[in-house]
Amino acid sequence: MNITELGTKSDFIASKRQQLQMQWKHYLNTLIQGITLSKTPLHLTMEHSAENALRFTLFEYYALEIRLARGFHTQTVQYTFEQENGEVIMLGEATLTGEGLINDRIHVRDRQNVLEHYLELIAPVYDMLYRATQPDAPVERLAVDVENCRNASNLVMG
């Protein structure tokens, strides 16, 4: 392989990475707009996070994070819930294409569908916390609900 061929390949790789990063930023902006422009109070506060992540605090206590998975040119988006003890539960994963599609069906600029996709993934967390606030909910029930949250998110992913 000569320097011209190597340069051509290098430009192609850089272009694909730049394209994916641009779609990632569009996706995050669309999701932030969907949440902030929603008339429904979700009690999410945006936090500073790593370059390829978006982190929300839920009810000023729990953390929800969206990030690109580790790896060169990864197209996997991970959605996680961090408990008070630091345990991180994977709520779901999605695929982001360089063409701007989530799971080959939702365009990253489609605010309503991007928001609905995210809400579908985090709904088990709200369900769990809702049950935990009921007067007759024992504290031990939260651990069971965490496992149910994990199982429900697996259904959404699968």
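The values are calculated or read from the model by the stated rules, or taken from the named source; none is laboratory data. Because the structure is predicted, anything quoted here is derived from the model rather than measured. Using ideal geometry, Cβ is built from the backbone for each residue, glycine included, and neighbour counts are taken over all protein chains shown. Accessible surface areas use protein heavy atoms only, side chains included; no ligands, DNA or RNA. Shrake-Rupley method; radii C 1.70, N 1.55, O 1.52, S 1.80 Å.
A few points about this structure:
- Reported count of residues in segment 21-38, each being touching a residue at least 24 places away in the same chain (Cβ under 8 Å) and surrounded by 15 or more Cβ atoms within 10 Å (Cβ to Cβ), is 9.
- Filter pass, Q134 being polar (S, T, N, Q), over 20 Å from Q21 (Cα atoms), at pLDDT below 95 and open to solvent by less than 60 Å² (accessible area, probe 1.4 Å): no
- Residue list for segment 68-93, restricted to those being surrounded by 13 or more Cβ atoms within 10 Å (Cβ to Cβ) and among the small types (G, A, S): G92
- The strands (runs of 3 or more DSSP E) falling completely within segment 3-116 that include 1 or more residues that are touching a Phe, Trp or Tyr at 6+ places or on another chain (Cβ under 7 Å) map to 44-47, 62-68, 76-82, 88-95.
- Across segment 94-118, the number of residues qualifying as touching a residue at least 40 places away in the same chain (Cβ under 8 Å) and surrounded by fewer than 16 Cβ atoms within 10 Å (Cβ to Cβ) comes to 4.
- Answer from V139, V125 - the residue that is at pLDDT below 85 and hydrophobic (A, V, I, L, M, F, W, C): V139
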